[in-house]
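The values are calculated or read from the model by the stated rules, or taken from the named source; none is laboratory data. Since this is a predicted model, take the numbers as computed values, not measurements. Here Cβ is always computed from backbone atoms with ideal geometry, including for glycine, and neighbour counts include all displayed protein chains.
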Amino acid sequence: MKVLGLDIGQSFKFENFKKSFKLTWLYIGIGLAMFLLFVFLAGFVPQRSFFYYFLQNVGVFLAFTAVLAAYAGVYRITTFPEGATKVTRQSISHTARRFHYILGLSLALVVLFMIIVFLEVGVTAISYIPYAGPAITTLLTIPLFLVNFTCLLLAVCLFVIAPPLVGESQDMKEIITELRMLLRSKWINLVLYMIISLAILFLTMQIIYYLTRYTVGITKAAQWKLQFAYPDMVNKVGMRSSISDMITQFVPRSEAMSGAAGLPQGFVLTLKAIVGLGYLVVFTFIASFPLAAYFNVSSEYFKSIWKDTKKEMGSPEGVSGE
């Protein structure tokens, strides 16, 4: 059985990566904009209320779905016939026409997880029964943990498998059929690849995360006269380091603390908006690089598994038409 037989070095095409990077950056920007929009809307309702968390969660959900759409678009770019023109534009159009499938799969998983959580909350009410209730609830701890672990694992599987399936299928029925066929015949390939590839992706994102935080901290310390213009979000991202501490020792602390003194409030808010927007653009640019690489390689690997499955089942191969 071929488990990880894909030669990544040969399959990774630089031209495809450039297009994949642009597409990933575009969709991440759209997802971030949707998230910030719903966070902004959440500011108009009482904090810690139902609608406050509901709006924030809707923003997170749409941002996650946009990342899935980026993956589906990159899959289209990576598996497109050689020499095709306007592949990026066609990939965006192809993904847009199938976006409701990605949205539906994501929403179905969220609804399933919420139903399970509410059922668990109801089951936990057994603990009100004297003596027997707490004992029964304690015995159910591990089964409930396994159920929640399975749900989260399904979410990860959705991230890995659903976007390529959307690119290979014509409708939701075909997506479900292809998914069942893959899980029945190639589940070990998918699980092993999911573990290895996501571990590498998370490690890469973790490294970038800390490098970004340290870099923001150093930049902020070096811009001691402009620290008042850093938005709260950027202040929280910045992390102290020996370099930033050393820089802080050389700057006049009193001037840094009173940098905004005498400046109009509108001018200060404008500077904060410019600084915040600039960092958001840079953050999405940096995050798009490992994600685009992951989507590109994952698309190649999934395509190879999909072709092998089709051969074993005696079905014709190929990507669905326009």
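Against the condition under 30 Å from LEU158 (Cα atoms), surrounded by 12 or more Cβ atoms within 10 Å (Cβ to Cβ), modelled with pLDDT of 80 or more and of a type outside the set (Lys, Arg), how does LEU201 come out, does it pass? Spell out how you get there, then give the answer.
On the way: under 30 Å from LEU158 (Cα atoms): yes; surrounded by 12 or more Cβ atoms within 10 Å (Cβ to Cβ): yes; modelled with pLDDT of 80 or more: yes; of a type outside the set (Lys, Arg): yes.
Judged against the criteria, LEU201 is a match.
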Q | the stretch 164-176: number of residues that are surrounded by 19 or more Cβ atoms within 10 Å (Cβ to Cβ) and outside any helix (DSSP H, G or I) | A | 1
Q. From LEU103, LEU179, LEU153, which residue is without any contact (Cβ under 8 Å) to a residue 60 or more places away in the chain, within 22 Å of the chain's Cα centre (by Cα), assigned to a helix (DSSP H, G or I) and under 19 Å from THR79 (Cβ atoms)?
A. LEU179
Q) Condition test on GLY133, is it out of contact with any Leu (no Cβ under 9 Å at 6 or more places or on another chain), surrounded by 14 or more Cβ atoms within 10 Å (Cβ to Cβ) and more than 21 Å from VAL191 (Cα to Cα)? A) yes
Q) Looking at VAL60, VAL74, VAL111, which one is under 28 Å from ILE175 (Cα atoms), surrounded by fewer than 17 Cβ atoms within 10 Å (Cβ to Cβ) and within 18 Å of the chain's Cα centre (by Cα)? A) VAL60
Q. How many residues does the stretch 252-292 hold that are surrounded by 15 or more Cβ atoms within 10 Å (Cβ to Cβ) and either modelled with pLDDT under 85 or farther than 30 Å from TYR75 by Cα (or both)?
A. 7
Q | From ILE218, ILE188, ILE142, ILE161, residue being surrounded by fewer than 16 Cβ atoms within 10 Å (Cβ to Cβ) and either at pLDDT 85 or above or within 19 Å of the chain's Cα centre (by Cα) (or both) | A | ILE142
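From THR95, THR65, THR88, which residue is modelled with pLDDT under 70 and within 25 Å of PHE283 (Cα to Cα)?
So the residue among THR95, THR65, THR88 that is modelled with pLDDT under 70 and within 25 Å of PHE283 (Cα to Cα) is THR88.
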Q. Within the stretch 5-17, can one find any residue that is of a type in the set (Phe, Trp, Tyr), within 30 Å of LYS186 (Cβ to Cβ), modelled with pLDDT under 90 and out of contact with any helix residue (DSSP H, G or I) (no Cβ under 7 Å at 6 or more places or on another chain)?
A. yes
Q. Which residue pairs have Cβ atoms under 9 Å apart, sit 6 or more places apart or on different chains, and have a first residue in the stretch 221-243 that is in contact (Cβ under 8 Å) with a residue 40 or more places away in the chain and within 19 Å of LEU36 (Cβ to Cβ) and a second that is surrounded by 15 or more Cβ atoms within 10 Å (Cβ to Cβ) and aromatic (Phe, Trp, Tyr)?
A. TYR230/TYR279; PRO231/TYR279; MET233/TYR279; VAL234/TYR279; VAL237/TYR279; VAL237/PHE283
Q. Within the set of pairs 6+ apart or on separate chains, which have a first residue in the stretch 23-36 that is under 15 Å from MET233 (Cα atoms), a second that is in a helix (DSSP H, G or I), and C-beta atoms under 8 Å apart?
A. LEU32/ALA63; LEU32/LEU280; LEU32/THR284; PHE35/GLY59; PHE35/VAL60; PHE35/LEU62; PHE35/ALA63; LEU36/GLY59
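Confirm whether PRO143 is touching a residue at least 60 places away in the same chain (Cβ under 8 Å) and at negative phi.
Numbers: touching a residue at least 60 places away in the same chain (Cβ under 8 Å): no; at negative phi: yes.
Taking the combined requirement at face value, the residue does not satisfy it.
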